[in-house]
Amino acid sequence: MKTILLSIFSIFLMSCGHKQSDNQDYILNSAKSQKAVLILFPCFPCNKEHTETEAVFLKEMDKIGITTILLDYNQKLFLTEIEKLELSEYLNQILDENKIEKENIFIGGFSSGGNVAALITNYLLETQNEIKPKGVFIVDAPFDLEELYKSAKKDLVKNADLDAVEEANFLIQHLEKELGNPVEEIDNYIKNSPYLISRNSIQNISQLTKIKTRLYCEPALDWQAENRTRVYEDLNAFKLEKTYESMIESGAKNVEFIETQNLGVRSNGQNHPHSWNIVMREDLVKWILEN
């Protein structure tokens with residue numbers, strides 16, 4: 001997993017009826033006539049600038065009435081109870097300091113940021129916080145931490161791709177440090193994973209069944225076979241599909257499993273299914289703004 005260098009800067013700009021600010025912790029683009037608020041969490045090694053660059057669907061969101069907040073909150077695969085409390089307070093602080101109305105709030109996250117988005121949304125709803133998200137969307141997130149550990153072990157055994165091996169070594173070390181080995185410490189995985197196939201459990205995101213929820217993925221099986229020697233069951237997509245099925249079984253009425261094709265292209269032109277850009281702009285905007 002490659003480290004992304006963070007460039008620190010501050011910009012305050014007033015033009016065309018919107019405010020853009022970067023206070024080193026988040027990038028805010030305020031809509032003059034606000035209809036909704038979109039809060040986004042980045043991938044594990046990523047930052048707000050990465051989100052701004054890669055998530056092209058964000059362009060001129062403020063001009064159609066959607067205020068966006070891009071956070072630097074990263075390097076998390078799960079949240080402790082203390083972290084949930086602190087993050088909820090931080091989000092309220094951002095909205096209060098910038099005088100942003102706490103209405104029609106949507107939360108999204110990419111990769112591990114999707115785990116954070118799901119867990120904090122669940123917490124906000126469960127605790128009846130002032131922030132009551134109307135919807136959450138997840139982009140190719142590793143919801144099942146037990147399966148993430150197992151998949152990393154498989155990648156080490158296969159030893160077929162340098163990037164996959166580097167990522168596997170990091171994940172195994174990180175998960176063992178934070179949660180232990182799932183064979184011996186399964187309770188930690190049950191407590192912290194958004195979803196577990198082995199338990200068919202969505203207990204940590206149960207509140208998401210009550211709001212609009214989208215689970216995005218792009219399996220790209222040919223790409224995965226060629227570049228990572230992975231099959232569908234190895235992918236985040238498979239775990240998200242199982243999450244979707246479990247949410248439906250639990251009574252969710254507004255959950256969608258969205259499987260895209262040929263949309264995963266990064267800002268440098270590289271074809272890669274693990275990308276913010278599997279999210280389609282017009283469809284997302286409609287989803288956010290519709291009643």
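The values are calculated or read from the model by the stated rules, or taken from the named source; none is laboratory data. Keep in mind it's a predicted model, so treat the numbers as computed, not measured. Ideal geometry is used to build each Cβ from the backbone, glycine not excepted, and the neighbour counts take in all protein chains shown.
Okay, here's what the table says:
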| item | result |
| --- | --- |
| Residue selected from segment 94-149 under the condition outside any helix (DSSP H, G or I) and free of Cβ contacts under 8 Å to residues at least 24 places away in the same chain, by the criterion nearest to the chain's Cα centre (by Cα) | Q128 |
| Entirely in segment 1-92, the strands (runs of 3 or more DSSP E) that have 2 or more residues that are of a type in the set (A, V, I, L, M), surrounded by 15 or more Cβ atoms within 10 Å (Cβ to Cβ) and at pLDDT 95 or above | 26-30, 36-41, 66-71 |
| Residue within segment 150-170 that is surrounded by fewer than 17 Cβ atoms within 10 Å (Cβ to Cβ) and of a type in the set (G, A, S) present | yes |
| Selection status of K84, among the charged types (D, E, K, R) and touching a strand residue (DSSP E or B) at 6+ places or on another chain (Cβ under 8 Å) | no |
| Test: residue in segment 181-192 that is of a type in the set (S, T, N, Q) and not in a helix (DSSP H, G or I) | yes |
| Residues of segment 183-200 satisfying the condition of being polar (S, T, N, Q), surrounded by 18 or more Cβ atoms within 10 Å (Cβ to Cβ) and touching a helix residue (DSSP H, G or I) at 6+ places or on another chain (Cβ under 7 Å) | N192, S193 |
| Answer residue from segment 226-250, given it is farther than 21 Å from S112 by Cα and at pLDDT 95 or above and is surrounded by the most Cβ atoms within 10 Å (Cβ to Cβ) among those | S250 |
| Residue under evaluation G180, criteria (1) surrounded by 19 or more Cβ atoms within 10 Å (Cβ to Cβ); (2) over 15 Å from the mean Cα position of the chain (by Cα), criterion not met | (1) |
